[in-house]
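Everything on this sheet refers to the single structure shown next.
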Amino acid sequence: MNNSNQPTVWTLIVKTSVVHTLTYFFMGILAYNFLNYEELFANSVLSCFMRPTDSVWVAAGPMLQPIRGLIFALAFYPLREIVFGKKNGWLILWWVLVALGILSTFGAAVGSVEGIIYSIVPVSILSYVEVVPQAFLLSAILFYWVNHPEKKWLNWALGIFFVLVMLLSAMGMMAAVGMLQVPA
């Protein structure tokens with residue numbers, strides 16, 4: 001790895017925001033379809049604190065993910081030499097995300113140690129099926145993109161997919177508020 005070619009804070013913000021948004025959207029679509037989120041959020045203990053899947057806020061979720069990407073990037077930036085300067089730095093990044101963002105959150109999130117202790121939400125392997133792979137994809141893709149700035153095709157591909165996700169989110173919001181009619 002090239003230690004002298006570390007990303008600037010702005011580069012890391014943009015790349016982290018794009019990759020986080022794309023991996024969030026991809027894993028969210030898979031989880032929605034294969035884990036039956038519509039039913040799960042409407043008729044289980046999750047209905048007490050999760051919005052229904054047809055909520056305008058759920059549709060806006062992908063469009064708001066660059067905010068989380070910014071927060072992640074600002075946390076990654078001081079760690080950039082450890083994460084982006086090492087051969088397996090993406091594994092370090094993945095473990096940090098899993099350890100702090102999934103297993104050991106300060107709040108009682110579903111699947112976290114605090115959630116297991118203090119919440120009444122049952123924990124199952126499904127608690128991790130969406131978020132652990134998303135952290136993996138975020139880490140691996142971001143690591144590769146940051147360490148290979150010469151790959152212009154990657155800038156274009158991720159940029160185009162990012163714009164498409166933003167458009168899909170906007171269309172979802174319009175459908176949720178009745179501005180766009182979705183065929184049944």
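Assorted remarks:
- Rounded to the nearest 500, the helix-only mean residue ellipticity at 222 nm of the chain stands at -20500 deg cm²/dmol, with each DSSP H run of n ≥ 4 adding -39,500 (n - 2.57).
- Among the listed values (1) 26, 20, 16; (2) 46, 21, 14; (3) 30, 23, 12, the one matching semi-axes √(5λ) of the Cα gyration tensor in Å as calculated from this structure is (3).
- Peptides ranked, highest mean first, by Cβ atoms within 10 Å: ranges 87-97, 129-139: 129-139, 87-97
- Here the 3J(HN,Hα) profile of region 9-17, calculated from phi with Karplus coefficients 6.51, -1.76 and 1.60 at θ = phi - 60°, is 4, 5, 4, 5, 4, 5, 5, 5, 5 Hz, Gly and Pro shown as x.
- Helix 131-147 and the longest principal axis of the Cα set of the chain meet at an angle near 30°.
- Each of 21, 105 was scored by other Cβ atoms within 10 Å of its Cβ. Arranged with the fewest first, they read 105, 21.
- Choice from 142, 100, 22 with maximal GNM fluctuation in the chain (Cα, 10 Å cutoff): 100
- Helix 152-176 and the longest principal axis of the Cα set of the chain meet at an angle near 20°.
- With contacts taken as Cα pairs under 8 Å at a separation of at least 6 residues, the chain carries a relative contact order of 32 percent.
- Degrees separating the helix 56-76 axis from the principal Cα axis of the chain, which is the longest one: 30
- Rounded to the nearest whole Hz, the Karplus-based 3J(HN,Hα) values (6.51 cos²θ - 1.76 cosθ + 1.60, θ = phi - 60°) of region 99-112 follow the sequence 5, 8, x, 10, 7, 10, 5, 6, x, 7, 6, 4, x, 7, with x at glycine and proline.
None of the figures in this text is laboratory data; all of them are computed from the coordinates on show. Remember, it's a predicted structure, so these values are computed and weren't measured experimentally. Positions of Cβ are backbone-derived with ideal geometry, glycine not excepted, and every protein chain shown enters the neighbour counts.
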